[in-house]
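Asks: Below are the structure tokens for one structure; questions will follow.
The values are calculated or read from the model by the stated rules, or taken from the named source; none is laboratory data. Because the structure is a prediction, the values reported are computed rather than measured. Cβ coordinates were reconstructed from backbone atoms using ideal geometry, including for glycine residues, and neighbour counts include every protein chain displayed.
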Amino acid sequence: MIVFVVVSNYLLVIADQSQVETALAERDTAKALLDQTADQHKAGLAAAVDELRSNVELQAREQRLIVARNNLAKQKLVLARAIGLPAGQTFDIATEIAYKPLATSTLDEALQQAYASRPDYKSQAEQVLSAELEKKAASAERYPTVSATADYGITGTNVASNHGTVDAAAEVRLPIFQGGRVHGDNLVADSQLTTAKQRLEDLRARIDQEVRDAFLDLQDTAQEVAVEKNAVDLATQTLKQSRDRFASGVTDNIEVVQAQDSLAAANDAYIASLYSYNVAKISLARAIGVAESNYALYLKGQ
């Protein structure tokens, strides 16, 4: 749980930092558009409303950059608290996590690994084994028991005439009058064994669900990343063509502003999908029971 919480918050810091970088690039693009529109307005090639529209777009991108920086600063505070840093201590993240497809095993292999790796499942399996032994012990109370004792000593008053003596005895105990207690012990053992088996089956079903959920999230978010990456590429090309059309006087800057908005939305969606995909990796590692030892390998796609 600690690994999952820390890694999730670290990934959020990376996502917010990406939002800042994207907002900064969008601000610079909006400023370049404003400069271009102002030059065309001075040359009589663009209307005053085009320059006003570009200025409004620049202010919107400035506001977006301010919000992104604020979100990053607050998420750093959350991460600092999660890892136990002193209050108010500043820091910068040192690890960049790029998109790496996870080379996963099959679902059946992941389930078998989870049953073999998760300490909670192994602990519950040991409790079932202990309850089975308790049941056998309770059943064995009905069996008769045999015991033997022996004693060796010296008898006589005269040392010269002393001789050795041996006492030996065998004892057989039959639990004839203990039927009620034995029956009660067996009922208790049966109840404990049934409870332990039910808990084991419930845990097994929960592990199965967690692993399957993680697999579904991993597949879904991987597709989302691919789709959103393609959307970013298309939006980037659209913005470039719109700026070329505006520079050539074919259209006004409304088309450029709309293309900038589309690119901003595509970047936001891509960053969110990448964060979800990396969290899905850690969720799968946690469901299998290897988050503490292999979280870095999962993030690297191994």
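Asks: Show the residue pairs meeting these rules: Cβ distance below 6 Å; 6+ apart or different chains; first residue within region 273-302 and in contact (Cβ under 8 Å) with a residue 24 or more places away in the chain and farther than 15 Å from A15 by Cα; second residue among the basic types (K, R) and part of a helix (DSSP H, G or I).
Replies: Y298/K281
Asks: So which of T106, T145, T90, T165 ends up being within 30 Å of Q17 (Cβ to Cβ) and hydroxyl-bearing (S, T, Y)?
Replies: T90
Asks: Considering only residues that are in a helix (DSSP H, G or I) and either closer than 19 Å to T22 by Cα or of a type in the set (A, V, I, L, M) (or both), which ones fall in region 278-290? Let's see the steps before the verdict.
Replies: Applying the first criterion (in a helix (DSSP H, G or I)) to region 278-290 yields 278-288.
Within region 278-290, V279, A280, I282, L284, A285, A287, I288 qualify.
Asks: Right, here's the next one. Would you please list the contacts, defined by Cβ atoms under 7 Å and residues six or more apart or on different chains, that run from a residue in region 210-237 that is under 30 Å from D108 (Cβ atoms) to a residue that is modelled with pLDDT under 90 and basic (K, R)?
Replies: Note: pairs meeting the criteria are L218/K281.
Asks: May I pose another question? Just to check your reading of the model, which residue among S283, S273, S242, S262 is surrounded by 21 or more Cβ atoms within 10 Å (Cβ to Cβ) and over 30 Å from D208 (Cβ atoms)?
Replies: On the way: S283 fails: over 30 Å from D208 (Cβ atoms); S273 fails: over 30 Å from D208 (Cβ atoms); S262 fails: surrounded by 21 or more Cβ atoms within 10 Å (Cβ to Cβ).
Exactly one residue qualifies, and that residue is S242.
Asks: Of the residues L52, L72, which is in a helix (DSSP H, G or I) and within 24 Å of T236 (Cβ to Cβ)?
Replies: Values: L52 fails: within 24 Å of T236 (Cβ to Cβ).
Answer to the selection: L72.
Asks: Right, here's the next one. For region 75-115, name all the residues that are free of Cβ contacts under 8 Å to residues at least 60 places away in the same chain and in a helix (DSSP H, G or I).
Replies: Correct list: L77, A80, R81, D108, E109, Q112.
Asks: Could you look through region 137-157, keep only residues that are β-branched (V, I, T) and modelled with pLDDT under 75, and pick out the one that is farthest from Q192 (Cα to Cα)?
Replies: Among residues in region 137-157 that are β-branched (V, I, T) and modelled with pLDDT under 75, the one farthest from Q192 (Cα to Cα) is T157.
Asks: Turning to a different aspect of this structure: Looking at V225, V232, can you tell me which residue is more than 26 Å from the chain's Cα centre (by Cα) and in a helix (DSSP H, G or I)?
Replies: Exactly one residue qualifies, and that residue is V232.
Asks: Still on this structure, I have one more. If I filter region 235-258 down to residues being β-branched (V, I, T) and not in a helix (DSSP H, G or I), which single residue comes out as nearest to the chain's Cα centre (by Cα)?
Replies: Filtering first and then ranking leaves T251.
Asks: Related question: Of everything in region 239-272, what is farther than 18 Å from Q40 by Cβ and in contact (Cβ under 8 Å) with a residue 40 or more places away in the chain? Give them in sequence order.
Replies: Residues satisfying the conditions are L263, A264, N267, D268, A269, Y270, I271, A272.
Asks: Listed residues K42, K31; which is surrounded by fewer than 19 Cβ atoms within 10 Å (Cβ to Cβ) and farther than 30 Å from I93 by Cβ?
Replies: K42
Asks: Further question on the same structure: Only one residue in V290, V256 is surrounded by fewer than 20 Cβ atoms within 10 Å (Cβ to Cβ) and not basic (K, R), so which one is that?
Replies: On the way: V256 fails: surrounded by fewer than 20 Cβ atoms within 10 Å (Cβ to Cβ).
Just one listed residue meets the conditions, V290.
Asks: Considering each of T37, T22 in turn, give the residue that is among the polar types (S, T, N, Q) and touching a Ser or Thr at 6+ places or on another chain (Cβ under 7 Å).
Replies: Numbers: T22 fails: touching a Ser or Thr at 6+ places or on another chain (Cβ under 7 Å).
Selected residue: T37, the only one of T37, T22 that is among the polar types (S, T, N, Q) and touching a Ser or Thr at 6+ places or on another chain (Cβ under 7 Å).
Asks: Further question: Being buried (at least 17 other Cβ atoms within 10 Å of the Cβ) and either among the hydrophobic types (A, V, I, L, M, F, W, C) or within 22 Å of the chain's Cα centre (by Cα) (or both) is the filter here; which residues of region 62-83 pass it?
Replies: L65, A68, L72, Q75, K76, L79, A80
Listed here are the residues, each with its yes/no results for (1) in contact with a helix residue (DSSP H, G or I) (Cβ under 6 Å, 6 or more places away or on another chain); (2) loosely packed, with under 12 Cβ neighbours inside 10 Å; (3) within 30 Å of L72 (Cβ to Cβ).
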residue: T104; (1), (2), (3): no, no, no
residue: A110; (1), (2), (3): yes, no, no
residue: S130; (1), (2), (3): no, no, no
residue: K135; (1), (2), (3): yes, no, no
residue: A170; (1), (2), (3): no, yes, no
residue: A189; (1), (2), (3): yes, no, no
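Asks: Still on this structure, I have one more. For region 5-20, does any single residue satisfy the condition of being surrounded by fewer than 19 Cβ atoms within 10 Å (Cβ to Cβ), of a type outside the set (F, W, Y), part of a helix (DSSP H, G or I) and touching a His at 6+ places or on another chain (Cβ under 9 Å)?
Replies: Checking region 5-20: not a single residue is surrounded by fewer than 19 Cβ atoms within 10 Å (Cβ to Cβ), of a type outside the set (F, W, Y), part of a helix (DSSP H, G or I) and touching a His at 6+ places or on another chain (Cβ under 9 Å).
Asks: Quick one: which of Q209, Q198, Q178, Q219 is on the phi < 0 side of the Ramachandran plot, under 30 Å from the mean Cα position of the chain (by Cα), exposed (fewer than 15 other Cβ atoms within 10 Å of the Cβ) and modelled with pLDDT under 90?
Replies: After ruling out the rest, the residue left standing is Q219.
Asks: Given the conditions (1) in a helix (DSSP H, G or I); (2) touching a residue at least 12 places away in the same chain (Cβ under 8 Å); (3) not charged (D, E, K, R), and given that Q59 satisfies all but one, which numbered condition is not satisfied?
Replies: (2)
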